1. Averaged across B:169-176, how many Cβ atoms of other chains sit within 10 Å of each residue's Cβ atom?
2. Take the Cα atoms of the protein assembly as shown, build their convex hull, and give its volume per residue in Å³.
3. I need the phi-derived Karplus couplings for the stretch B:99-113: 6.51 cos²θ - 1.76 cosθ + 1.60, θ = phi - 60°, integer Hz, Gly and Pro marked x.
4. Angle check, please: helix B:219-233 long axis (alpha carbons) against the longest principal axis of chain B (alpha carbons), in degrees 0 to 90, nearest 10.
5. Viscosity 0.890 mPa s, temperature 25 °C: Stokes-Einstein D of the stretch A:89-153 from its Kirkwood Cα radius, in µm² per second?
6. Considering only DSSP beta bridges with both partners in the protein assembly as shown, what is the antiparallel share in %, to the nearest 5?
7. Could you give the nm distance between label points at A:Glu106 and B:Glu79, where each point is 7 Å from its Cα heading toward the beta carbon?
8. Antiparallel versus total DSSP beta bridges in the stretch A:80-153: what percent is that, nearest 5?
Amino acid sequence: MGDMLTSNDASANLVTYSLGSCVGVAIYDPIAKVGGLLHAMLPDSTINLDRASKRPFMFVDTGLPAMFHAVYALGGLKHRLIVKLVGGAEFLDEKKIFRIGQRNVEATKAMLERNGVALAASETGGHESRTVRLDLSNGNFSVDIPGKTPFLL
Amino acid sequence: MKAEELIAKTPNLPVPSPAATRLLQLLAGDDRDNQAIINILKQDGVLSTKVLALCNSAAFELAAPVSSISQAIMYMGYEEVHRLVMAVTFGGALGSNLAGYFIEDGALWRHSLLTALLSQTVVRIVRTSQTDPSVAYTAGLIHDIGKLVVSYALDADKQELIRERVERGGRSLLEAEREVIGADHAEVGACLLRKWKLPEVLVEAVANHHNPPVEPRLELSSIVHVADMIAHEGGSSPGWSSYAVRTNEAVVEAMGLTTDHVEVLIISAYDAALQVDEALSAPV
Ligand SMILES: [Fe+2]
Ligand SMILES: [Fe+2]
């Protein structure tokens, strides 16, 4: 949570637990077999810039670029990256006071689009908290929801 | 009443010891002096031993070990002693695996600790708040205690009925609980606390933690309501369909909370979660 993992070890699995309104973004280069997994909690770092400089991965706008650069540093190439997005659950609310999930998803999609990065797959919204796992040997990205059978996205 | 019936069928509920009950009752009164607390603790061997063990643990860095409860309270302070008593009383049961909700071992206890800390944070943010921090902590800690009973009542068939109502009927988890077993976990939790003769202020907070009334506004239930929602968004949302809950947005607005407050609270939740995880992994 509020964190990011990368690896260039093809036998590794990157896992993040219980994404509720948070978003999980996985990126994977199938040739270099390197990848990253971000678990961001909030869309916009302007709410606390000091925090963003210490913990950039808490926020979508600072966490996404930091993850891409970390994966480039491991040999990942932008045009080869497969990008997937999970999370952004919402309460059953009418108004927007707690609507963090949807804003996390929108911020992620907007930033990827501005940077010319296509989204290969996504599974967002809903009322579930999801655990995700990126297998760096083959890029399989699995989603695990309590009480359901895990599936590949 | 349905809630009582469900409670009667549930094994292994964490009934507070007489001493723990009296400490909880002290929360509602003004006579919370150290001598009263010492007298109560001395009558409970298990609690006394644990208080002394914690006080003599590395956490308090004492030069010489203490051997009496009165010394321990002097060093630890009331709040720390109270938290320990709550953990001893409720930690085991709330940390168990709740199959009816697909909640894994330890996950509801972590959610409870996080909601307890965040209830105190919300008290600080709502500037008009009159709520005592230990009362807020306690209410946050036991808000979901009714889930122990509801989980036990939810066999595979009933889980399926709940799932159908939530996933295809647009119901909240609470509404589905009422429709399928005749009571929800908030109501059942309140009923449990009343059975245990805990103060009415805690009963009310647990009863209303998913839908605190707008008028008259009940401060403690509103605080726990917000803390619970923030705990979910801040990374502790155990069980399936855990976001199928409704915020009472009118109450949140009446408390003067905006989306900016929510974001600031989510950052607090991150810090509180680190604190909780550190405490949970510390050797006892
Ligand atoms: Fe609840
Ligand atoms: Fe809760």
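Just so you know, all these numbers are worked out from the coordinates, no wet-lab data involved. What you are looking at is a predicted structure, and each value in this text was computed from that prediction instead of being measured. Don't worry about glycine lacking a Cβ; one is built from the backbone with ideal geometry, like all the others, and counts go over all protein chains shown.
1. 1
2. 155 Å³
3. For the stretch B:99-113, the Karplus-derived couplings read 4, x, 10, 6, 9, 7, 3, x, 6, 6, 5, 4, 4, 5, 5 Hz, x marking Gly and Pro.
4. Between the helix axis and the principal axis of chain B, the angle is about 70 degrees.
5. Roughly 179 µm²/s, to the nearest whole number.
6. The antiparallel fraction comes to roughly 85 percent.
7. 3.8 nm
8. If I count the DSSP bridges inside the stretch A:80-153, around 60 percent turn out antiparallel.
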